[in-house]
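Scroll down for the structure; my scribbles are underneath it.
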Amino acid sequence: MTKKLKKRLTRIICGMVLFAAALFVDRTWGTVWPNAPLAAFLAAFLVSGGDVIKKAAMNITQGQIFDENFLMTIATTGAFLVGEYPEGAAVMLFYQVGEWFQAYAVNKSRKSIRDLMDIRPDYANVIRGKETVTVSPEEVKPGEIITVKPGERIPLDGTVIQGNTTLDTMALTGESLPREAGVGDDVISGCVNQSGVIGIRVTKEYGASTVTKILELVENAGSRKAESENFISKFARYYTPVVVGLAAALAILPPLITGGDWYVWIYRALSFLVVSCPCALVISIPLSFFGGLGGAGKAGILIKGSNYLEALSKAEIVVMDKTGTLTKGNFVVSRIVPAGLPAGSDGEKEQAAARLLELTAYAESGSNHPISRSLLQAYGKEIAGERITEQEETAGFGVSAVVDGKRIVAGNLRHMERSGISCEMADAVGTVVYAACDGQYLGHIVIADQVRPDAREAVARLTDSGIKDIVMLTGDRRETALAVAKEVGIRHVYAQLLPGDKVARMEELLQRKSEKGKLVFVGDGMNDAPVLARSDIGIAMGGLGSDAAIEAADVVIMTDEPSKIARAMEISRRTLAIVRQNIIFAIGVKVCILILAACGLASMWVAVFGDVGVAVIAILNAMRSLRA
């Protein structure tokens, strides 16, 4: 609990003690000393509500008259003036109790956001010369080497050059399982080193690091308000002056027109003022959105503002990229098919397959293409450079090399045709690498991207949640796209698209949604900027370490789990449901009690419930949105 909360709680407790003492004085000494109850209740009133009166006075001097401090000061002071000392003191006391609950809820909600801020590193141990110096992360430059001990937070993005360890990424991703990291692996700032000492070569300065970008995103999230928040702000701006005017009319007009008792109508007007405070709406609605953003952050989903959180609840069409979103984006050898192999033993087939993979891997060893890397990974042995005498790569076609004095050609079907090698197109799903040795066709190797384990679950959850249409857009071959779509359960597929084609398709899909519906695009954030910009809501997958993802998208899913797309929408819908509940409940109860107060059927005690009680219930309901 913060010092401010403790101070306010102390004020409330002192006010309660004095109020109880005032009740005792009223019951026992009221007839002996007529002014004793006034003094006792006034003491309880000033102790519990002195700060409210002070705020009201300060706001009046600054031209901010119509706020809850002004309403409560007028109502409670008026109660004392008409002789209702217990009610005046009690209203202020219970108002302060409601304010304390409100402050506690806001503090708890802010704490959930501050927990995300704990990823900020305090220092970096950088090696300079023969010494290790502890400096601020801002002082470390790219290319310098830092060491991170177990229990320390990685201060800057970089590549591990020494040691092996496991990393706790929970603060970034919401995942409890640690990640392995060793020499050659890229690591990002904000993760906690769990086991071994590691040396890291820094690749980005602190201002461009992952942790800085995430912190900027979280800090700025509150500045983008949802339509519901803007509505409540405008509502309160006009609502408060109106109810003050109505209360004044209620106090003055009936006695003037009908000759009624001034005391009765002033008391009704004061009750009207008490219940009219818009605290329940003004606080609980922003708190609900704030809690929703914090809950999503705990789950590893960073939403850049309440407006995007609200928009997610209206999603009708979800458009997904294939590579890096539904699939892992890292290619692996799935099948090796030697050519012209007669029926024989399994051993002969294995030898032919091994030779095909070996020669192809050697030929591809000079390329940095992802397909070449996957072949080398499948081969799994060290490449002996002396066996290779020539290497040449033709972009968009393949490679050729001389291995052990034999000319090896490897690549796509067009590369085979250009090299004068006869072979038939393989019937396979994935990328096919054909290979030949000295003009003789050796066979083909199928390389396929792997579908993410929870991709099918993600599509199913989106469908069950009422998404009208789920579409896949990809630049990959149609056969491959259809195979992935079938595996994950997507029916509508557009394949072999260039970036411009994707934007054109997006324009068509935007025409399908309803006027209030939203179109969501989900990509890996690397090369989907035009489509992300054209969609109503852009979601970037695998934002952990991806600058492009954090910059381009409205929502960033920090892990590689497509199922969190549905989770983000569930959090959005739950938050909006809480917002609607609070709006309906607060306005409904207040209108009923306002009418009863105007008709003289509700005392100031009932008005207290209509203000403080409704506010506390709405705030407690809003706090449910904090759950991830």
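Taking 0.36 nm per intervening residue step and subtracting the Cα-Cα distance, what contour gain separates Ile383 from Ala533 on full extension?
49.6 nm
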Item to complete: Mind checking which lysines have their Cα closer than 27 Å to the Cα of Lys141? Skip sequence neighbours fewer than 8 apart in that chain.
Response: Lys130, Lys149, Lys204, Lys213
Fill in: Relative contact order [Cα under 8 Å, 6+ residues apart], the chain, whole percent
15
Discussion item. Nearest 10 degrees is fine. How inclined is helix 563-598 to the longest principal axis of the chain, computing both from alpha carbons?
Written reply: 10
Discussion item. Would segment 580-628 count as rounded, prolate or oblate if I go by the C-alpha gyration tensor, calling it rounded below 1.5 in a/c and otherwise prolate when a/b exceeds b/c, oblate otherwise?
Written reply: oblate
Worksheet item: Given a Förster radius of 41 Å and the C-beta distance between Asp51 and Lys141 as r, what FRET efficiency does 1/(1 + (r/R0)^6) yield to the nearest 0.05?
Response: 0.25
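If a/c stays under 1.5 just call it rounded; otherwise compare a/b with b/c (prolate if a/b is bigger, oblate if not). Do that for segment 384-540, with a ≥ b ≥ c from the square roots of the Cα gyration tensor eigenvalues. Let's see the in-between values first.
Details: a/c = 2.93, a/b = 2.52, b/c = 1.16.
The shape class here is prolate.
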Response to the item:
Scattering profile of the chain from the Debye formula, Cα beads only, expressed as log10 I(q)/I(0) at q = 0.06, 0.07 Å⁻¹, is -0.50, -0.63
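Roughly how many percent of the accessible protein surface of the chain is carbon and sulfur, given a 1.4 Å probe and a whole-percent answer?
Carbon and sulfur: 56 percent of the exposed surface of the chain.
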Worksheet entry | Stretch in the chain that is longest and holds no GluC sites (Glu not before Pro) that DSSP places in a loop and that have at most 15 other beta carbons within 10 Å | 1-381
Worksheet item: For segment 235-336, what are the per-bin percents of Cα-Cα distances with bins 5 Å wide, up to the bin holding the maximum?
Response: 2, 9, 11, 10, 10, 8, 7, 7, 7, 6, 5, 4, 3, 2, 2, 2, 1, 1, 1, 0, 0
Discussion item. Counting only other residues whose beta carbon sits under 11 Å from that of Arg8, what net charge do I get with K and R as +1, D and E as -1?
Written reply: +3
Worksheet item: So how tilted is helix 346-364 from the main axis of the chain? Cα-based, degrees 0 to 90, rounded to 10.
Response: 80
Fill in: Acute angle (nearest 10 degrees) that the helix 262-276 long axis makes with the longest principal axis of the chain, alpha-carbon atoms
10
Discussion item. Leaving out ligands and nucleic acids, and using a 1.4 Å probe, what accessible area per residue does the chain come to in Å²?
Written reply: 46
Fill in: Cβ-defined net charge surrounding Thr73, 14 Å radius [Lys, Arg +1; Asp, Glu -1]
-3
Worksheet entry | Area accessible to solvent at Asp186, 1.4 Å probe radius, in Å² | 120
Item to complete: Tell me the label-point distance for the pair Asp438, Leu9, using the 7 Å Cα-to-Cβ offset, in nm and rounded to one decimal.
Response: 8.7
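The values are calculated or read from the model by the stated rules, or taken from the named source; none is laboratory data. In this text the structure is predicted, and so the values were computed from the model without any measurement. Cβ coordinates were reconstructed from backbone atoms using ideal geometry, including for glycine residues, and neighbour counts include every protein chain displayed. Only protein heavy atoms, including side chains, enter the accessible area calculation; ligands, DNA and RNA are left aside. Shrake-Rupley method; radii C 1.70, N 1.55, O 1.52, S 1.80 Å.
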